[in-house]
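The values are calculated or read from the model by the stated rules, or taken from the named source; none is laboratory data. Keep in mind that what you see is a predicted model, and the values were worked out from it rather than measured. Neighbour counts run over all protein chains shown; Cβ positions are idealised from the backbone, glycine included. Ligands, DNA and RNA are stripped out before the accessible areas are found, and what is left, the full protein with its side chains, is counted by its heavy atoms. Shrake-Rupley method; radii C 1.70, N 1.55, O 1.52, S 1.80 Å.
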Amino acid sequence: QTFKQKVPIAGKKVFIKPNIVEFNSNRPIHTNPVVVESMIRLCLEEGAAEIVVGEGSGHRRNMGCLLRECGLEKVLIENKIRFVDINYDQTKRVVNLGAKSKLGFIYFSKEAYESDVLISVPKLKTHHWTNVTLSLKNLFGIASGQAYGWPKNELHFQGIVNSIVDINSTRKADLSLVDGIVGMQGDGPLYGEPINANVLLMSDDPVAIDATCSRFMGFDPAGIEHIRLCSKVGLGNLA
């Protein structure tokens, strides 16, 4: 089965969430705009009714500047795609279905939460707090900047792992595409070194894709707490 049966896109509103947390021309911090554009074109070919790209950096405040620097602004203009700065988007309050943290509700970007199809397009990177940052961790970025402040401190106080599980339990990605053309190893997610990994992975199972990427990066996914817990609560397949 391809994604076409499991995640139909025709006639749907699609929200694409890349990782655009920071820009440094010498480090592969952000999702490559070419990969984002490929996903946009795939959705257009499948007949999406509307495509929105959204991100809310927890590191750099000026999202417009980041988009220009990393090259995504050009892609959005050329493809006539609207961009949503999640840090300023309207908030949607939803009952927390994960219950790992002490939060009764999770406040999401309204556009991300209410989209018909949510697509996570992260970068293949190591992370100093969670070992890896892939599809599951990327959805940290759909939590509302209006509700949690900058850089979403309350979610950190609740424990990053708990918050990742709760966010994904309440609104998981329907489709994930991991940009591993040039990955990051070492002191990720901002200061690691580039590594030519030469892979692109796509799945409708965010746990499986993160587990596969973790193995590819040299980690045992069962030893990465947020991936193990997301599998345990039924969000996907670890094996």
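Things to note:
- One residue stands out among those in the range 145-191 that are among the small types (Gly, Ala, Ser) and touching a residue at least 60 places away in the same chain (Cβ under 8 Å): the one that is nearest to residue 4 (Cα to Cα), which is 173.
- Residue among 40, 51, 20 that is touching a strand residue (DSSP E or B) at 6+ places or on another chain (Cβ under 9 Å), outside any helix (DSSP H, G or I), within 25 Å of residue 189 (Cβ to Cβ) and aliphatic (A, V, I, L, M): 20
- Residue 190 meets all of the listed conditions (1) farther than 27 Å from residue 107 by Cβ; (2) open to solvent by less than 60 Å² (accessible area, probe 1.4 Å); (3) not acidic (Asp, Glu) but one, namely (1).
- Checking residue 231 against (1) of a type in the set (Ser, Thr, Tyr); (2) open to solvent by 20 Å² or more (accessible area, probe 1.4 Å); (3) touching a residue at least 40 places away in the same chain (Cβ under 8 Å), the condition it does not meet: (3)
- Test result for residue 179, open to solvent by less than 10 Å² (accessible area, probe 1.4 Å), among the acidic types (Asp, Glu) and either at positive phi or under 17 Å from the mean Cα position of the chain (by Cα) (or both): yes
- For the range 80-108, a residue qualifies if it is part of a loop (DSSP other than H, G, I, E, B), touching an Asp or Glu at 6+ places or on another chain (Cβ under 7 Å), under 24 Å from residue 43 (Cβ atoms) and of a type outside the set (A, V, I, L, M, F, W, C), and exactly one does: 89.
- Test result for residue 67, under 30 Å from residue 157 (Cα atoms), modelled with pLDDT of 95 or more, part of a helix (DSSP H, G or I) and open to solvent by 10 Å² or more (accessible area, probe 1.4 Å): yes
- Search result, residues across the range 171-199 that are part of a loop (DSSP other than H, G, I, E, B), out of contact with any Leu (no Cβ under 9 Å at 6 or more places or on another chain) and over 24 Å from residue 15 (Cα atoms): 186, 187, 188, 190, 191, 192, 196, 198
- Among (1) modelled with pLDDT of 95 or more; (2) of a type in the set (Gly, Ala, Ser); (3) open to solvent by 50 Å² or more (accessible area, probe 1.4 Å), the one test that residue 99 misses: (1)
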